[in-house]
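Bear in mind these aren't lab numbers, they're just calculated from the coordinates by the rules spelled out. Small disclaimer: the values here were computed from a predicted structure and weren't measured. Ideal geometry is used to build each Cβ from the backbone, glycine not excepted, and the neighbour counts take in all protein chains shown.
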Amino acid sequence: MKHFWKNQRFQGFLMGALSCGLAVSLCGAAFAASRSISVSDGIQIVMNGQAFQPKDSKGAPVELFNYNGTVYAPVRALCQQAGMKVSYDSASKTVTVTSPSAPAGGQTAPSQTGKLTDEQARQRALDHAKLSANNVTFLKTELDTDDGRSVYEVEFVSGQTEYDYEIDAATGEILKNSQKTHPSAGVSDASGPVTEAKAREIALAKAPGASVIKCKRDREDGVEIFEIELRKGAVEYDCEIEIATGRILKWEEDRD
């Protein structure tokens, strides 16, 4: 039971479980009215190497059970964990399960198992950074779990800039990303240091429509910088701008 989730026929299993679940919901009353049944419980689920506890719409754990050799499980919880969309039409008593569609903009879509591959995760990060694999050195591509969600952590270097991404493994959505560039060594702008107004302008140009929440002058590793925080809707931005040159040394985006 613990290893069947890694099988390539994962969606086929879910559709089978869906049919069984519907049969139980439609015939449950008949069972209750005619006789009692004995079931085996205490069944556990492991999805992609991680223990998974299905929950109902209120967040309460839902127990799995085995009856006559068939394991009964909540369709919605399992499908959503696999990156699928689930809807229910009470009038026709129909549950609809839809595989993840390709992300907007023609970017890399999740695999047919509902999870990105390592290669797809790296390509999503490269597309966002507008870089090609020939111009970077990958430091890390790792599948992890963050708040119960499977995510890829991708890190790479291009020139003097380090890139760090956290990508939803089911949908391909970029949840967090940051860039950090090494400061200039003995370089100064001929026009003089960047003013606070100019630093705000530089930050806002990179995040159109955002608002500056905080802007303060600071020093990091002996380099004079402006630290700027911005926000646009559910996205928070953190920025560090080198005062001598106006270069963005650090840029982070974090979606709530």
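Once the C-beta distance of Glu220 and Thr117 is scaled by a Förster radius of 35 Å, the resulting FRET efficiency is 0.40 to the nearest 0.05. Between Glu63 and Gln44, residue separation times 0.36 nm minus the direct Cα-Cα distance comes to 6.0 nm. Computed from label points 7 Å out along Cα-Cβ, the spacing between Ala133 and Asp256 is 3.8 nm. Remark: spin-label model distance Ser158-Ala51 equals 4.1 nm, labels positioned 7 Å along the Cα→Cβ axis. With Cα atoms as the point set, the radius of gyration and Dmax of the stretch 112-256 evaluate to 16.7, 55 Å. 3J(HN,Hα) couplings calculated from phi for the stretch 200-206 with the Karplus curve 6.51 cos²θ - 1.76 cosθ + 1.60 (θ = phi - 60°) are, in sequence order, 4, 4, 5, 5, 5, 5, 7 Hz; Gly and Pro show x.
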